[in-house]
Each structure stands twice: as C-alpha cells, then as structure tokens.
Amino acid sequence: MDLISELAELALATRLKRLSDRLAHDVNKIYKELNLNFESKWFLVLELLNRRKTLSIVDIAEELKLTHPAIVQFVDQMLSAKLINAHKDKTDGRKRLVSLSANGKKLLRELAPVLDAIKIENENWLTQADNNLLVTIAQLEKALEEKNMYERIKTRLEPPMQAPVI
C-alpha cells in the first residue's frame, strides 16, 4: 500500500516533493558517477549566474522565486565547492554579491553534455503522460499567483456570513 498515493489530493505536496526528490536523486547519482562535484539543487543558481554574471542573494531568491534561506544555503555550499565567488557590495555592505568562479565556468562546460541528456530524457519521460505536465504546472502556478493555497483554505474554513436576524 502506498499511503501517499491513496491520500491523493490530501498528500499532493508530499507526492510532488517525493517525485522531485526521486528525480534529484537519480540525476545526482549520474553527477557522482561522472566525478562531477555538483548537486542538482545548485543548477538554477549556477545557470542564473552564468546568464546574469553577478547577483545578490536577494536578487537570486527573487528571480528564482525561492526562499532567501534556501539561496543562502546553496550559495554557502557552492562557495565550499569553489564554484562561485562572493564579495560584499561596495555600495551596500549588507549585500553579498556572487558570481561564477573559474571552476564554476569549467564545470558548466563539463555539465553541458549531461544537461543535454537530462533535457532529452525529461522530454521523453514527459511524453509518457496523457497531459503536458509542464503546461499543467504553469497553469497551477498561475492559479496560485491569483489566489495562494493559504487564502483558498482560509476562505473555506471561515464560517459563512449569517444574514442578520430581524
């Protein structure tokens, strides 16, 4: 018995997280077998820095729509792996600016064929579903931007307005 699958909508977030963890685990296994000092959770930060060169932690969090603490954690891990450089912003000492290091740029080149294979296999895997999962996810994200789940649940739990008794 798979309780998470059985609970369906009630365990939706857990089921999505489980799927995400499974994909990340498999991809990280490939990186490890290829002796690439890289984790899939760093990809978005690495790619964003490749495109934008230098960004603050806050800017990265905003652009990726991830939490500030998550980005701080990724940046600290990537600094330890020597994939990025960090320095204080000259105009605002509270900001930490990050950019790709020479090692990070080299790793991106080494990752290119692996990323191509991941993209192709993700495309192949997605075609096995009846619906386009990426389109569905975009629609669900848009719906949550219009009204987040907190608001949806809170509205459902609020007692209905009672007409005044005259």
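The values are calculated or read from the model by the stated rules, or taken from the named source; none is laboratory data. What you are looking at is a predicted structure, and each value in this text was computed from that prediction instead of being measured. No Cβ is skipped: glycine too gets one built from the backbone with ideal geometry, and neighbour counts run over all protein chains shown. Calculation scope for accessible area: heavy atoms of the full protein, side chains included, ligands and nucleic acids excluded. Shrake-Rupley method; radii C 1.70, N 1.55, O 1.52, S 1.80 Å.
For the range 106-150, residues that are open to solvent by 100 Å² or more (accessible area, probe 1.4 Å) and in a loop (DSSP other than H, G, I, E, B) total 4. Checking Thr91 against (1) polar (S, T, N, Q); (2) out of contact with any helix residue (DSSP H, G or I) (no Cβ under 8 Å at 6 or more places or on another chain); (3) in contact (Cβ under 8 Å) with a residue 12 or more places away in the chain; (4) part of a loop (DSSP other than H, G, I, E, B): exactly one of these is not met. Which one? Thr91 satisfies all of (1) polar (S, T, N, Q); (2) out of contact with any helix residue (DSSP H, G or I) (no Cβ under 8 Å at 6 or more places or on another chain); (3) in contact (Cβ under 8 Å) with a residue 12 or more places away in the chain; (4) part of a loop (DSSP other than H, G, I, E, B) except (3). Considered as a group, the residues in the range 87-105 that are among the small types (Gly, Ala, Ser) and exposed (fewer than 15 other Cβ atoms within 10 Å of the Cβ) include one that is nearest to Arg51 (Cα to Cα), and that residue is Ala102.
Got a sec? Which helices (runs of 4 or more DSSP H) wholly within the range 1-86 have at least 2 residues that are exposed (fewer than 12 other Cβ atoms within 10 Å of the Cβ)? Those helices (runs of 4 or more DSSP H) span 3-7, 12-33, 68-80. For Asn103, the criteria (1) in contact with a Leu (Cβ under 8 Å, 6 or more places away or on another chain); (2) assigned to a helix (DSSP H, G or I); (3) in contact (Cβ under 8 Å) with a residue 24 or more places away in the chain hold in every case but one, which is (3).
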